[in-house]
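Visitor: Handing you this structure, nothing more for now.
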Amino acid sequence: WFLALVVLAQAFPRPADAGFIAPRPVTEVIPLPMEEQTMSMALTPSGELYVGTGSNAHRFDGARWEALGLEHVAPIRSLHVDRHGRVWVGGYDRFGFLERLPDGEDRFTDLSPAFAAEHAAERIADIWEFAETDRAIYFRALKHVLAVDHAGRRLGAWSHAGRMGSPIVV
């Protein structure tokens, strides 16, 4: 019986021999530094992880976490990395994008003032998701869809008395 197992083990390659990459050890698990609900996540092409929570947004560069000072935008319900690597942020009544500065800090550009008329008529509330085309970035809220170009300039706004459905790019 034992000899049969040895023969079978030699006949079939071990996972490491077949290009298998073992999972990382549990000791390498890096816990989230925030003790609250994670609402959104986005991974940039450079490998940085952005996490949106109920009170802020955080960036993990592979070694350390940094809170981004977006308490005024929270809760951060949605994050989106566009085709150029820019991180778009959807919060509560506020939305915009993050820009990496030469000193390594992230600066948030708030685009919501360009939609003040829509906000004055009815709260925009949570930005739940994004859709991207060659021409625009679309932000979907509960009753609104807002569009900006890739530079952040307003393109349009639409509302519906009921809930808006998910945007789908066709």
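The values are calculated or read from the model by the stated rules, or taken from the named source; none is laboratory data. In this text, all values refer to a predicted model and were calculated from it rather than measured experimentally. Here Cβ is always computed from backbone atoms with ideal geometry, including for glycine, and neighbour counts include all displayed protein chains. Accessible surface areas use protein heavy atoms only, side chains included; no ligands, DNA or RNA. Shrake-Rupley method; radii C 1.70, N 1.55, O 1.52, S 1.80 Å.
Visitor: List every residue pair whose Cβ atoms lie under 6 Å apart, where the two residues are 6 or more positions apart in sequence or sit on different chains, the first residue falls within segment 53-64 and is in contact (Cβ under 8 Å) with a residue 40 or more places away in the chain and over 9 Å from residue 75 (Cα atoms), and the second residue, located anywhere, is in a loop (DSSP other than H, G, I, E, B) and of a type in the set (D, E, K, R).
Guide: Short answer, once both residue conditions are applied: 59/48.
Yes/no matrix, rows are residues, columns are (1) at positive phi; (2) part of a strand (DSSP E or B); (3) in contact (Cβ under 8 Å) with a residue 24 or more places away in the chain; (4) open to solvent by 30 Å² or more (accessible area, probe 1.4 Å):
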| site | (1), (2), (3), (4) |
| --- | --- |
| 85 | yes, no, yes, no |
| 97 | no, yes, yes, no |
| 108 | no, yes, yes, yes |
| 120 | no, no, no, yes |
| 123 | no, no, yes, yes |
| 161 | no, no, no, yes |
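Visitor: Continuing with this model, one more query. Evaluate segment 112-127: report whether one residue or more is among the polar types (S, T, N, Q), within 23 Å of residue 68 (Cα to Cα) and modelled with pLDDT of 95 or more.
Guide: Taking segment 112-127 as the starting set, the residues that turn out to be among the polar types (S, T, N, Q) are 112.
Still in the running and within 23 Å of residue 68 (Cα to Cα): 112.
Cutting the leftovers down to modelled with pLDDT of 95 or more gives us none.
No, segment 112-127 has no match at all.
Visitor: Out of all the residues in segment 28-83, which are open to solvent by 30 Å² or more (accessible area, probe 1.4 Å), part of a strand (DSSP E or B) and closer than 22 Å to residue 140 by Cβ?
Guide: Matches in segment 28-83: 38, 39, 41, 43, 80, 81.
Visitor: Could you tell me how many of the residues in segment 146-159 are in a strand (DSSP E or B) and of a type outside the set (Ser, Thr, Tyr)? Reasoning before the result, please.
Guide: Kept after step one, since they are in a strand (DSSP E or B), are these residues of segment 146-159: 146-148, 154-159.
Of the ones still in play, those that are also of a type outside the set (Ser, Thr, Tyr) are 146-148, 154-158.
The number of residues fulfilling the criteria is 8.
Visitor: Continuing with this model, one more query. Between 108, 139, which is modelled with pLDDT of 95 or more and either of a type in the set (Phe, Trp, Tyr) or under 16 Å from the mean Cα position of the chain (by Cα) (or both)? Write out each step before concluding.
Guide: Values: 139 fails: modelled with pLDDT of 95 or more.
Checking each option against the conditions leaves just 108.
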